[in-house]
1. What is the one condition in (1) crowded, with 19+ Cβ neighbours inside 10 Å; (2) in a helix (DSSP H, G or I) that V56 does not satisfy?
2. Under the condition of being free of Cβ contacts under 8 Å to residues at least 40 places away in the same chain and either among the polar types (S, T, N, Q) or in contact with a His (Cβ under 8 Å, 6 or more places away or on another chain) (or both), which residue from region 67-89 is farthest from V31 (Cα to Cα)?
3. Looking only at residues that are crowded, with 17+ Cβ neighbours inside 10 Å and closer than 9 Å to A104 by Cβ in region 69-82, which one is nearest to the chain's Cα centre (by Cα)?
4. Here is a check on your reading of the model: is I39 touching a strand residue (DSSP E or B) at 6+ places or on another chain (Cβ under 8 Å) and part of a helix (DSSP H, G or I)?
5. Any chance region 98-117 includes a residue that's surrounded by 14 or more Cβ atoms within 10 Å (Cβ to Cβ), outside any helix (DSSP H, G or I), under 13 Å from the mean Cα position of the chain (by Cα) and among the polar types (S, T, N, Q)?
6. Find all pairs meeting these conditions: Cβ atoms under 6 angstrom apart; at least six residues apart or on different chains; first residue within region 33-45 and in contact (Cβ under 8 Å) with a residue 12 or more places away in the chain; second residue surrounded by fewer than 14 Cβ atoms within 10 Å (Cβ to Cβ).
7. Considering only residues that are part of a strand (DSSP E or B) and modelled with pLDDT of 95 or more, which ones fall in region 5-30?
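The values are calculated or read from the model by the stated rules, or taken from the named source; none is laboratory data. Note that the structure is a prediction, hence the values are computed from the model and not measured. Cβ atoms come from the backbone with ideal geometry, glycine included; neighbour counts cover every protein chain shown.
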Amino acid sequence: MYAHTVDIPLPFDQAIEKLKSALTAAKMGVVSEVDVQAILKAKIDHDIPPYRLIGVCAPGVAKVVVESEPDAGSLLPCGCCVYETSPGNTRIALQDPGVIAKIADNAAITEAMTVAQGHLANVISNLKA
């Protein structure tokens, strides 16, 4: 699988705040945020429910990746999407760092992605709490 998913019984905006808090607690952070709903409306006049893409990164992990193989920076940050599955219920899908490890095929990056997996395990645990 390419993502770890968590369904939480919170409205969209509250789920994003809970995600950001869980990331901070796990020594990770948000480096980018894209409002897909707004972009689709503005660019092609298409309406969808709230949908956000969030770039997630742990600075120490990113450091190892870009120093080990500069072109592997194109695999960063780890992607995350957030969307409501029904009113008051939100799904968070966090990219599996193992996917980056397989693509990169580099021992240092694989080790860094193992660290990232540990960080994400903490995020997922906090989201489920």
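1. (2)
2. In this case the residue turns out to be S86.
3. Among them, the one singled out is L75.
4. Considered against the rule, which asks whether it is touching a strand residue (DSSP E or B) at 6+ places or on another chain (Cβ under 8 Å) and part of a helix (DSSP H, G or I), I39 comes out as no.
5. Scanning region 98-117, I find no residue that is surrounded by 14 or more Cβ atoms within 10 Å (Cβ to Cβ), outside any helix (DSSP H, G or I), under 13 Å from the mean Cα position of the chain (by Cα) and among the polar types (S, T, N, Q), so the answer is no.
6. Q37/I48
7. Step one: filter region 5-30 for residues part of a strand (DSSP E or B), giving 5-8, 29-30.
T5, V6, D7, I8, V30 - these are the residues of region 5-30 that are part of a strand (DSSP E or B) and modelled with pLDDT of 95 or more.
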